[in-house]
């Protein structure tokens, strides 16, 4: 199964906690990017970002079909 995370932009403050705690490097933040961005194919669905986000700004979803790596 393939996973992806989705940002709820209205809730996100750009604090960067999600990128800091993601064990798979699936969330990218830089000084030039005020909001987190996905790194394609890296999300494993662990939901660490969901549990650690104090603003409930991230949703992790399963994508039906074969895993893409």
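Rule-based calculations on the coordinates, nothing more; no lab input. Just so you know, these numbers come straight off a predicted model, no measurement behind them. A quick note on method: Cβ atoms are made from the backbone with ideal geometry, for glycine too, and the neighbour counts reach across all protein chains shown.
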Taking 8 Å as the Cα distance limit and 6 or more residues as the minimum spacing, I'd like the relative contact order of the chain as a percentage. 49
Between residue 13 and residue 30, what is the label-point separation in nm under the 7 Å Cα-to-beta-carbon projection? 2.5
Cut-off 14 Å, label point 7 angstrom out along Cα-to-Cβ of residue 51: give me the residues of the stretch 22-41 whose amide nitrogen falls inside. 22-24
The chain - mean residue ellipticity at 222 nm from DSSP helices (-39,500 (n - 2.57) per run, n ≥ 4, rounded to 500): -3000 deg cm²/dmol
